[in-house]
Amino acid sequence: MDHDHQHPGYSDDKAAVLKRLRRVEGQVRGLTRMVEEDTYCIDVLTQVAATTKALEAVALKLLEEHLAHCVVDAARAGGPEADIKVKEATDAIARLVRS
């Protein structure tokens, strides 16, 4: 995908996004350990659900930043770019809802 923008919408919160992703990464490593250690299935599934929710929180944060910055800036500028940004956001929301 080739997107014309200077900085991603999350630029100002990049450190917070990275911190959240590192936390999710740790949760995934924990899941790997749980399976390696033959942890009870339901306990592993509980952790999978928690990890999924944490990753969804990252996705929602990124979507919020995209709407607040990229879409708003494109809407202010008007023209076809505004329609493209709204369509991208709509498609991203649809992907999140389906997952």
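The values are calculated or read from the model by the stated rules, or taken from the named source; none is laboratory data. Just so it is clear, the model here is predicted, and its values are computed rather than measured. Heads up, the Cβs are rebuilt from the backbone with ideal geometry, glycines too, and the neighbour counts pull from every protein chain shown.
Observations on the model:
- First in the range 21-40 and of a type in the set (Gly, Ala, Ser), second anywhere and part of a helix (DSSP H, G or I) and surrounded by 12 or more Cβ atoms within 10 Å (Cβ to Cβ), Cβ under 7 Å, 6 or more apart: Gly30/Gln47
- Verdict on Ala15 being of a type in the set (Gly, Ala, Ser), part of a helix (DSSP H, G or I) and surrounded by 10 or more Cβ atoms within 10 Å (Cβ to Cβ): no
- Residue in the range 70-84 that is within 22 Å of Ala16 (Cα to Cα) and not β-branched (Val, Ile, Thr) present: yes
- Within the range 89-99, being without any contact (Cβ under 8 Å) to a residue 24 or more places away in the chain and either surrounded by 14 or more Cβ atoms within 10 Å (Cβ to Cβ) or hydrophobic (A, V, I, L, M, F, W, C) (or both) holds for Ala94, Val97.
- Scanning the range 20-43 for residues that are outside any helix (DSSP H, G or I) and exposed (fewer than 13 other Cβ atoms within 10 Å of the Cβ) yields Glu37, Asp38, Tyr40.
- Against the test of being under 20 Å from Ala16 (Cβ atoms), in a helix (DSSP H, G or I) and of a type in the set (Ser, Thr, Tyr), the options Thr90, Thr51, Thr46 yield a single qualifying residue, Thr51.
- All conditions in (1) at pLDDT 95 or above; (2) surrounded by 12 or more Cβ atoms within 10 Å (Cβ to Cβ); (3) hydrophobic (A, V, I, L, M, F, W, C) hold for Ala82, with the sole exception of (1).
- Residue match in the range 55-63 (condition: without any contact (Cβ under 8 Å) to a residue 12 or more places away in the chain and either in a helix (DSSP H, G or I) or surrounded by fewer than 16 Cβ atoms within 10 Å (Cβ to Cβ) (or both)): no
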